[in-house]
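Participant: Got a structure for you, written out below as structure tokens; questions coming shortly.
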Amino acid sequence: MDNMNRFLGSVYYDLYHKKPSYSPERNTPGRESAGSEKSLEKELDSIIDEFYKKEGLKKPDEEQTPPFKPEEVRAEIEKLVGLTNIKEDIEALMDFVKIQKLRQEHGLCGSNISLHTAFLGNPGTGKTTVARLIGEYLKALGVLKKGHIVEVTRADLVAEYVGGTAVKMNKVIDKALDGILFIDEAYSLGEGGDNDFGREAVNILVDRMEKERNRLAVFLAGYTDKMETFLKSNPGLSSRVSRKFYFKDYTGPELMQIFEMLLEKNQYAMDGECLKKMEQYFNYLYDIRDEHFGNGRVVRNTLEKLIKAQSDRLAEEENVTYDMLKTITLEDIEKSIPIKDIIVTSGRLDSVMQELDEFIGLENIKKHIRTLVNLIRTNQKREEMGLPVKQLSYHAIFCGSPGTGKTSIARILGRIYQSLGILKKGHVIEVDRSGLVAGYVGQTEEKTSKVLDQAMDGILFIDEAYALVGGTNDFGSNAIDTILKRMDDCRDRLIVIAAGYTDRMKTFINSNPGLKDRFSWVFEFEDYNENELFEIFLNFAKKQQYILSEEAEKQLKDHFGAVVKLNLEHFGNGRYVRNLFEKTVMQQSNRIGQNIDNVKKEDLSVITGEDVANALLLL
């Protein structure tokens, strides 16, 4: 064997020095690289094959390793985190296989053992790992000779030209014989049009699944909804894949268990406080998950972020110890993941309520929100004490003119609900009719659903919601129906706020009986009075470090008084003030710009009566 090793070493050495040149200028291999690399590989394989044949030896990959015993594979399956239903499905399959083999061994008629299976679920739920273990299990039971797994995607099966797909498909299937062909995102084979070669791949697969049923197990994997549709699209496929394994998302505690296993495997450690933070984080991720949740991949990505943060921190240290290299700290966690935004502290609500109090005017709205907060906190206390609690609905109507702070209050409410644990995120997605309604049949439901998906665990704020109410053939009603259904289905994860002019919002609510039942709260946003309008202008000025002269103050107060008396139907309130402020600043710039070289610092900050007067002329 020493001679053999020396021989192989010399072969590798000789071939290594025959490798093609490398072109650093282009950072790509030289011209003859691709072809030469392949010819060298073939030459190497040929020499080694000849040597093994001459010496009467088996190549290492041909040596038969003792198969696992069934109980050993079963023990490995039991070690997997979560997947309780999958473990039960595997045992049921193996029991069936064992009984049918026994019947055949005793000369009895046995049912044909078809191993083709659909693996349905989100990514990162252990589908590939389970497939490998099933392969080992079937090998241990003598059902599959090799039990190996060949993992492929559409790119490995479908060619770009006529005739190419058949060659690729058959080559891959031949490679998988006596084992498992695992096709990830298998639904992509059926997503092309009538002339797509994916259909050809499916037809070949169906044919080989039947012909090689005793030597091949095909596992088709992908998202549940897409896979269900894909299997139904081909009768031959659905009849051959009658078994389905549903891979559920990992729960928060299961994600944490995977995280701790990865920590140990990679030789990292955390103290108890850090572990508790991570537990809260993974519970949060599970609660806000969508249909594309990454599960185990999310855990792995999270650990990678933590390791990077630790590396960045330690790179600044002069003396790094063994313990420091192993330890991930709270600082690393806070730098890597938004833990402070996720974990609600007692001071968070107080901070948000203080921000609410700083809003100019809106006294009735502030009172309304305080009442709502007190009701929520009382219910939470009753629940803690084991008393019955009526489930609250938080969907609301915001009535009032534009510029009265409806959007700003919606954002405040989102943060209040997040602080109270009503919503996990508390973010606000703002849309109007154009963001929900499409121009063709069937597209509105899809468009609205995507917006609703974005708003999950937060607030969907629909401005001018009454615009969704159209004629008989208007698609706005489709958007309303889609929203109403989601408001029921996801009542614990979604709050909808519909906003607009008071009179028109009444029409909106009365347009659909379901709307009346679902919107429990009505917030009336009153127009700002003259003092509040002036105070809003002052706030704009202070934020940008402007000072009003006495004449400017007088002109503004007189103007706002006159505007309020006019009682305009579509008065812009805060928007009107912002518009006036911007025009005033522009007029101040015009005045100063005429003598810019001689301007003093204090002159840059003063707004005069002349500036205001000129700005008013532009409204």
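The values are calculated or read from the model by the stated rules, or taken from the named source; none is laboratory data. Everything quoted here is computed from the prediction, not taken from an experiment. Note: ideal-geometry Cβ built from the backbone for every residue, glycine included; neighbour counts use all protein chains shown. Remember, those area values only see protein heavy atoms, side chains included, never the ligands or the DNA or RNA. Shrake-Rupley method; radii C 1.70, N 1.55, O 1.52, S 1.80 Å.
Participant: If contacts are Cα pairs under 8 angstrom and at least 6 residues apart, what is the relative contact order of the chain in percent?
Facilitator: On the way: 806 pairs, mean separation 59.5, N = 619.
Contact order relative to length: 10 percent.
Participant: Relative to the longest principal axis of the C-alpha atoms of the chain, give the angle of the C-alpha long axis of helix 296-314, reported between 0 and 90° and rounded to the nearest 10°.
Facilitator: 70
Participant: Separate question: Report the extension gain between Asn590 and Arg243 in nm, rounded to one decimal, defined as 0.36 nm multiplied by the number of residues separating them, less their alpha carbon distance. Could you put the intermediate results ahead of the total?
Facilitator: On the way: separation 347, 0.36 × 347 = 124.92 nm, distance 7.67 nm.
Once the chain is fully extended between Asn590 and Arg243, it gains 117.2 nm.
Participant: Starting from the residue with the highest accessible area, list His570, His116 in decreasing order, probe 1.4 Å. Write down the numbers at each step before the final one.
Facilitator: Working: His570 95, His116 5 Å².
The residues order as His570, His116, largest area first.
Participant: In Å², and per residue, what accessible area does the range 428-547 have when probed at 1.4 Å with the other protein chains present? Don't skip to the answer; put the middle values down first.
Facilitator: Numbers: 6150 Å² over 120 residues.
Accessible area per residue: 51 Å².
Participant: Can you list the GluC sites (Glu not before Pro) in the range 525-617 that are in a DSSP coil and have 12 or fewer other beta carbons within 10 angstrom? Let's see the in-between values first.
Facilitator: On the way: sites: Glu526, Glu530, Glu532, Glu535, Glu550, Glu551, Glu553, Glu569, Glu582, Glu602, Glu610; in loops: Glu526, Glu569.
In loop regions of the range 525-617 (DSSP not H, G, I, E or B), the sparsely surrounded GluC sites (Glu not before Pro) are Glu569.
Participant: Further question: Multiply the residue gap between Ser549 and Asp174 by 0.36 nm, knock off their C-alpha separation, and tell me the result in nm, one decimal place. Walk me through the numbers on the way to the answer.
Facilitator: Working: separation 375, 0.36 × 375 = 135.00 nm, distance 8.72 nm.
This chain segment gains 126.3 nm when fully extended.
Participant: Can you list the GluC sites (Glu not before Pro) in the range 293-339 that are in a DSSP coil and have 14 or fewer other beta carbons within 10 angstrom? Intermediate results must be reported in sequence, preceding the final value.
Facilitator: Values: sites: Glu304, Glu316, Glu317, Glu318, Glu331, Glu334; in loops: Glu316, Glu317, Glu318.
Passing both the DSSP loop test and the Cβ count: Glu316, Glu317, Glu318.
Participant: Another question about this same structure. What are the ³J(HN,Hα) couplings of the range 242-251, residue after residue, when phi is run through the Karplus curve with 6.51, -1.76, 1.60 and θ = phi - 60°? Round to Hz, x for glycine and proline.
Facilitator: 8, 9, 10, 9, 9, 8, 7, 4, 5, 6
Participant: Tabulate in residue order the Karplus-calculated ³J(HN,Hα) for the range 151-160, using 6.51 cos²θ - 1.76 cosθ + 1.60 with θ = phi - 60°, rounded to whole Hz; enter x for Gly and Pro.
Facilitator: 9, 9, 10, 3, 4, 7, 10, 10, 9, 9
Participant: Still on this model: Is the shape of the range 226-379 best called rounded, prolate or oblate, per the rule: a/c under 1.5 gives rounded, else a/b larger than b/c gives prolate, else oblate, with a ≥ b ≥ c the square roots of the Cα gyration tensor eigenvalues? Don't jump to the answer; show the numbers that get you there.
Facilitator: Details: a/c = 2.88, a/b = 1.14, b/c = 2.53.
Note, shape of the range 226-379 comes out oblate.
Participant: If you count only protein heavy atoms with a 1.4 Å probe, what accessible area per residue comes out for the range 245-387, rounded to a whole Å²?
Facilitator: That works out to 60 Å² per residue.
Participant: May I pose another question? When the helix-only estimate is applied to the chain (DSSP H runs of n ≥ 4, each -39,500 (n - 2.57), divided by the residue count), what is the mean residue ellipticity at 222 nm, nearest 500 deg cm²/dmol?
Facilitator: It lands at -17500 deg cm²/dmol.
Participant: Provide Asp207, Asp517, Asp225 ordered by accessible surface of protein heavy atoms (probe 1.4 Å), highest first. Could you put the intermediate results ahead of the total?
Facilitator: Values: Asp207 70, Asp517 125, Asp225 100 Å².
From most exposed to least exposed: Asp517, Asp225, Asp207.
Participant: Roughly how many whole Å is it from the C-alpha centroid of the range 401-460 to that of the range 224-299?
Facilitator: Taking the Cα centre of the range 224-299 as reference, the centre of the range 401-460 is 27 Å away.
Participant: Here's another thing I want to ask about it. Highest mean first, how do 498-505, 540-547 rank when packing is the count of other Cβ atoms within 10 Å averaged over residues? If you can, show how the numbers build up before the last one.
Facilitator: Working: 498-505: 19.1, 540-547: 13.2.
Ranked from most to least packed, the peptides come out as 498-505, 540-547.
Participant: Next question, about the same structure. Going highest first, how would you order 422-434, 384-396 by mean Cβ packing within 10 Å?
Facilitator: Working: 422-434: 18.4, 384-396: 11.8.
Going by the mean number of other Cβ atoms within 10 Å, highest first, we get 422-434, 384-396.
Participant: Carbon-plus-sulfur fraction of the accessible area of the range 246-307, 1.4 Å probe, in percent?
Facilitator: On the way: 1540 of 3350 Å².
Of all accessible area on the range 246-307, carbon and sulfur atoms account for 46 percent.
Participant: Given a Förster radius of 41 Å and the C-beta distance between Tyr322 and Lys87 as r, what FRET efficiency does 1/(1 + (r/R0)^6) yield to the nearest 0.05?
Facilitator: On the way: r = 39 Å, r/R0 = 0.95.
E(calc), rounded to 0.05, equals 0.60.
Participant: What FRET efficiency do you get for Gln391 and Asp503 if R0 is 30 Å and r is their Cβ-Cβ distance, rounded to the nearest 0.05? Show your work: numbers first, answer last.
Facilitator: Details: r = 31 Å, r/R0 = 1.05.
Computed FRET efficiency for Gln391 and Asp503: 0.45.
Participant: Something else: Apply the a/c threshold of 1.5 to the C-alpha gyration tensor of the range 112-234 and tell me whether it is rounded, prolate or oblate. If you can, show how the numbers build up before the last one.
Facilitator: Working: a/c = 1.90, a/b = 1.33, b/c = 1.44.
It comes out oblate by the Cα gyration axes.
Participant: Taking Kirkwood radius over Cα pairs in Å straight from the coordinates, which label in (1) 29.2; (2) 31.4; (3) 25.4 is the correct one?
Facilitator: It is the value labelled (2).
Participant: Right, something else. Just the number, please: carbon plus sulfur as a percent of the accessible area of the range 401-504, 1.4 Å probe, no ligands or DNA/RNA counted.
Facilitator: About 46 percent, which is the carbon plus sulfur part of the accessible surface.
Participant: How far is helix 84-105 tilted off the main Cα axis of the chain, in degrees rounded to 10, range 0 to 90?
Facilitator: It works out to around 20 degrees.
Participant: Heavy atoms of the protein only, probe of 1.4 Å, neighbouring chains included. What is the accessible area of Met256 in Å², nearest 10?
Facilitator: Only protein atoms counted, so the area is about 10 Å².
Participant: Starting from a Cα-only point model with no solvent, please compute log10 I(q)/I(0) by Debye for the range 326-462 at q = 0.12, 0.22 1/Å.
Facilitator: Results for the range 326-462 at q = 0.12, 0.22 Å⁻¹ read -0.64, -1.36.
Participant: Right, another one. Whole-Hz Karplus ³J(HN,Hα) for the range 359-367, in order, using 6.51 cos²θ - 1.76 cosθ + 1.60 and θ = phi - 60°, x for Gly and Pro?
Facilitator: For the range 359-367, the Karplus-derived couplings read 5, 6, x, 6, 4, 5, 5, 4, 5 Hz, x marking Gly and Pro.
Participant: So what's the angle, to the nearest 10 degrees on a 0 to 90 scale, between helix 443-455 and the longest Cα principal axis of the chain?
Facilitator: Rounded to the nearest ten degrees, it is 80.
Participant: Something else: Take the residue pairs Lys366/Lys485; Lys340/Lys543; Lys127/Lys248; Lys79/Lys244; Lys146/Lys171 and return only those whose Cα atoms are more than 20 Å apart.
Facilitator: On the way: Lys366/Lys485 30 Å; Lys340/Lys543 27 Å; Lys127/Lys248 10 Å; Lys79/Lys244 22 Å; Lys146/Lys171 17 Å.
Correct reply: Lys366/Lys485; Lys340/Lys543; Lys79/Lys244.
Participant: Which residues does the label zone of Lys366 cover in the range 509-539, counting backbone N under 18 Å from a point 7 Å along Cα→Cβ?
Facilitator: Label zone hits: 523-539.
Participant: Sticking with this structure for a sec: Which far-off residues, 5 or more places away or on another chain, put their amide H under 5 Å from the one on Gly400, with H placed in the peptide plane?
Facilitator: Sorted by chain and number, the residues that satisfy this are Gly500, Tyr501, Thr502, Phe525.
Participant: Now for a different question. Please list 587-595, 140-148 highest first by mean number of surrounding beta-carbon atoms within 10 Å per residue.
Facilitator: Working: 587-595: 13.4, 140-148: 17.7.
Per-residue mean Cβ counts within 10 Å order the peptides as 140-148, 587-595.
Participant: Quick one: ranking Ser520, Ser449 by accessible area, 1.4 Å probe, largest first, what do you get? Intermediate values should be presented prior to the final figure.
Facilitator: Working: Ser520 70, Ser449 35 Å².
If we order Ser520, Ser449 from most to least accessible, we get Ser520, Ser449.
Participant: Counting only residues 5 or more places away or on other chains, whose amide H sits under 5 Å from the amide H of Lys244 once H atoms are built in the peptide plane?
Facilitator: Ala118
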